[in-house]
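Asks: Mind having a look at this structure? Questions to follow.
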Amino acid sequence: MKLRVGDAVLAAAVVALMAVLPSVYSNELLLFNFVMFLTLSQGLNILYGFTGYLPFGYVGFFGAGAYGFAIAVMNYGAGPLPAMLIAAAAAVILALVLMPLLRLSGAYFAIASLAAAQAVYQVISNPALEQVTKGPYGVSLTGVFAPRLSYYVAVGIMAGTFALVVWLRNSRFGLALQAIREDTVSAGMAGVSVVRFRTVAWLLSALVAGLVGGVFAWHISVFYPDTAFDVGISIFATVFTLFGGATTLTGPLLGVAILYGVYNAIGITVPQYFQLIYGTLIVGLVMFLPNGLVSLLTRRGIRVP
Amino acid sequence: MSHSAANLLRVEQVVKRFGGFRALDGVSFHLDPGEVLGLVGPNGSGKTTCINVISGLYPPDGGAVMFEGRPIGGMPMHMLARRGINRTFQSPKPFLSLTVRENVEIAAAYGHGPGRAAPDLRALLASLELDGLAERAAGDLNSAQQKTLDLARALATAPRLLLVDELAAGLNPAELLRMAERLRALAADGMALLVVEHLMGFIDRVTDRVIVMNAGKEIFEGTLATATRDPEVIRVFLGGAHG
């Protein structure tokens with residue numbers, strides 16, 4: 001493995017920035033949301049950027065993680081850290097159950113994964129399961145509320161996810177995944193076990209979303225099924241990744257910094273202008289830079305971390 | 001062990017159906033190390049299907065494919081690659097966004113099974129005149145270069161059996177000559193080759209013997225020179241094949 005130094009430096013710089021920001025900036029929830037989307041868009045990048053599968057239902061793993069955490073805390077009295085493991089396990093188990101989706105491709109896969117996320121949402125929010133999930137009435141985990149600690153755990157998960165992406169970008173395994181994305185038949189003939197490798201990417205991607213969902217549940221401690229399974233989370237993670245440029249570390253980071261930055265600057269105060277700017281940016285991107293902002297550099301032969 | 005069991009590749013009465021259409025209708029042949037077998041016949045006669053079945057793209061619906069004495073029919077492609085079977089594609093399918101070097105690196109890293117010496121990738125690229133393009137994205141190459149890269153990707157796994165599907169189409173006469181020499185050199189090193197090609201001059205230069213196929217069946221086996229005098233072969237190639 002020949003590590004490109006730029007990858008590691010960029011990842012470390014963003015992690016360090018997000019780690020020190022709470023001491024100079026007081027809106028910790030906003031910072032948390034940034035960390036959350038920085039991580040989710042890289043998690044989605046693992047699947048989309050490296051294998052070409054675009055999971056519109058990515059939020060399903062996030063929700064599974066959030067509810068895995070909540071159920072462990074509410075029903076089994078688990079501490080937050082063991083509950084994080086349950087969050088991770090819930091997302092990975094869901095990904096295992098949904099593995100047949102990988103037989104689909106392109107838009108069919110995207111839509112089917114969205115439907116699967118909706119199905120999980122319907123189950124979790126079902127009033128008949130109130131004893132287990134609190135159904136549509138939402139969960140309250142105030143007993144484990146620890147905003148500062150959970151923030152740093154989120155930064156830790158982000159660091160781990162960045163490390164994973166850096167590894168994929170610099171390893172043979174990551175190269176093999178990209179071969180699968182380019183052509184499954186040639187990848188098979190190159191000796192790459194297509195089914196096994198993309199399963200690993202699928203599970204890793206789900207694991208990231210599950211951990212983020214778990215730490216989200218911990219950090220905000222009161223939420224509803226509509227919050228944890230909000231399709232907007234999938235859309236944001238997808239758009240941020242595509243806007244910046246998948247398969248790179250920089251792309252999703254740029255996407256989050258710019259688009260989520262704009263969203264927080266004006267998305268809540270003047271949502272109509274936000275929608276306008278957002279829509280214009282996305283249309284412009286699809287028309288002129290389908291491979292994301294980073295392609296401004298990469299198509300000139302400049303390597304981007 | 002009888003002589004027949006020692007063949008590198010044995011294709012025995014292989015059948016492949018697509019719906020009601022029998023693309024392969026009981027095809028049998030064998031191939032030994034260092035031998036170059038040509039597969040010729042009109043379009044739709046089952047040549048590429050034959051390669052697709054041997055390389056694991058399709059499982060056979062009947063019959064047996066034996067490699068080094070073991071059945072391999074229906075085995076996944078990546079396992080066949082590791083066992084020493086590889087192929088090129090009629091329309092090359094390189095990993096377009098990856099560099100030429102990365103294309104062959106993947107194949108050398110994953111497709112190279114135990115018991116075979118790993119090829120020197122630098123030398124491999126140089127021998128195929130791709131060394132100057134090593135850091136270029138495969139998508140930037142022209143179609144002849146992509147075909148050569150497809151061959152390089154296959155050779156990077158150090159195969160014992162190479163299936164070559166219309167590699168010559170689109171090459172100019174000088175390139176054709178060089179490609180023929182390359183394939184002969186591979187055979188001289190002990191590799192077995194199965195070559196599907198429409199250009200008879202190329203087939204003549206490269207192969208030791210040919211199988212002529214028509215409608216999923218083998219209608220002739222022997223040297224190309226004898227094939228051109230075979231009345232059945234002449235009938236199939238010069239008309240009346242479906243009459």
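The values are calculated or read from the model by the stated rules, or taken from the named source; none is laboratory data. Quick caveat: nothing in here was measured; it's all calculated off a predicted structure. Because the Cβ atoms are built from the backbone with ideal geometry, glycine has one as well, and the counts that use them run over all protein chains shown.
Asks: If only one of B:Ser91, B:Ser97, B:Ser28, B:Ser45 is in a loop (DSSP other than H, G, I, E, B) and more than 14 Å from every other protein chain (Cβ to nearest Cβ), which one is it?
Replies: Details: B:Ser91 fails: more than 14 Å from every other protein chain (Cβ to nearest Cβ); B:Ser97 fails: more than 14 Å from every other protein chain (Cβ to nearest Cβ); B:Ser28 fails: in a loop (DSSP other than H, G, I, E, B).
It is B:Ser45.
Asks: Oh, and also: Please work out if A:Phe61 is out of contact with any strand residue (DSSP E or B) (no Cβ under 7 Å at 6 or more places or on another chain), part of a helix (DSSP H, G or I), touching a residue at least 60 places away in the same chain (Cβ under 8 Å) and surrounded by 14 or more Cβ atoms within 10 Å (Cβ to Cβ).
Replies: yes
Asks: Another question, if that's okay. Does the stretch B:100-113 hold any residues that are of a type in the set (Gly, Ala, Ser) and either in contact with a Pro (Cβ under 6 Å, 6 or more places away or on another chain) or more than 7 Å from every other protein chain (Cβ to nearest Cβ) (or both), and which are they?
Replies: Once the filter is applied, which keeps residues that are of a type in the set (Gly, Ala, Ser) and either in contact with a Pro (Cβ under 6 Å, 6 or more places away or on another chain) or more than 7 Å from every other protein chain (Cβ to nearest Cβ) (or both), the stretch B:100-113 yields B:Ala108, B:Gly113.
Asks: Additional query: Report yes if A:Ile235 is closer than 20 Å to A:Ala95 by Cα, β-branched (Val, Ile, Thr) and surrounded by fewer than 24 Cβ atoms within 10 Å (Cβ to Cβ), otherwise no.
Replies: Criteria met by A:Ile235.
Asks: Might you let me know whether the stretch A:266-277 holds any residue that is modelled with pLDDT under 95 and closer than 29 Å to A:Gly6 by Cβ?
Replies: No; the residues of the stretch A:266-277 include none that is modelled with pLDDT under 95 and closer than 29 Å to A:Gly6 by Cβ.
Asks: Does any residue of the stretch B:130-141 turn out to be over 20 Å from A:Ile180 (Cα atoms) and basic (Lys, Arg)?
Replies: Checked the stretch B:130-141: no residue is over 20 Å from A:Ile180 (Cα atoms) and basic (Lys, Arg).
Asks: Among the residues of the stretch B:158-165, is there at least one that is more than 14 Å from every other protein chain (Cβ to nearest Cβ) and in contact with a Phe, Trp or Tyr (Cβ under 8 Å, 6 or more places away or on another chain)?
Replies: No, because not a single residue in the stretch B:158-165 is more than 14 Å from every other protein chain (Cβ to nearest Cβ) and in contact with a Phe, Trp or Tyr (Cβ under 8 Å, 6 or more places away or on another chain).
Asks: What helices (runs of 4 or more DSSP H) lie completely within the stretch A:249-305 and have 2 or more residues being surrounded by fewer than 12 Cβ atoms within 10 Å (Cβ to Cβ), over 19 Å from the mean Cα position of the chain (by Cα) and in contact (Cβ under 8 Å) with a residue 12 or more places away in the chain? Explain how you work it out, then say what you get.
Replies: Numbers: elements: A:250-255, A:271-288, A:295-298.
Where helices (runs of 4 or more DSSP H) fall fully within the stretch A:249-305, none carries at least 2 residues being surrounded by fewer than 12 Cβ atoms within 10 Å (Cβ to Cβ), over 19 Å from the mean Cα position of the chain (by Cα) and in contact (Cβ under 8 Å) with a residue 12 or more places away in the chain.
Asks: Hey, does the stretch B:129-152 have a residue that's surrounded by fewer than 19 Cβ atoms within 10 Å (Cβ to Cβ), among the small types (Gly, Ala, Ser), within 20 Å of B:Lys47 (Cβ to Cβ) and within 13 Å of another protein chain (Cβ to nearest Cβ)?
Replies: Looking through the stretch B:129-152, none of the residues is surrounded by fewer than 19 Cβ atoms within 10 Å (Cβ to Cβ), among the small types (Gly, Ala, Ser), within 20 Å of B:Lys47 (Cβ to Cβ) and within 13 Å of another protein chain (Cβ to nearest Cβ).
Asks: Right, next: Filtering the stretch B:52-88 down to residues that are among the charged types (D, E, K, R) and assigned to a loop (DSSP other than H, G, I, E, B), which residue is nearest to the other protein chains (Cβ to nearest Cβ)?
Replies: Of everything passing the filter in the stretch B:52-88, B:Glu68 is nearest to the other protein chains (Cβ to nearest Cβ).
Asks: Also, quick follow-up: Restricting to the stretch A:121-158, what's the tally of residues that are among the charged types (D, E, K, R) and touching a residue at least 40 places away in the same chain (Cβ under 8 Å)? Talk me through it step by step, then tell me what you get.
Replies: As a first pass, look at the stretch A:121-158 and keep what is among the charged types (D, E, K, R): A:130, A:134, A:148.
After this cut, where a residue has to be touching a residue at least 40 places away in the same chain (Cβ under 8 Å) as well, the list is A:134, A:148.
Number of matching residues: 2.
Asks: Sticking with this structure for a sec: Answer yes if at least one residue in the stretch A:69-80 is within 27 Å of A:Val222 (Cβ to Cβ) and polar (S, T, N, Q), and no otherwise.
Replies: Yes, that holds for at least one residue.
Asks: Facing chain A (nearest Cβ under 10 Å) and either buried (at least 22 other Cβ atoms within 10 Å of the Cβ) or modelled with pLDDT under 95 (or both), is that true of B:Arg116?
Replies: Criteria not met by B:Arg116.
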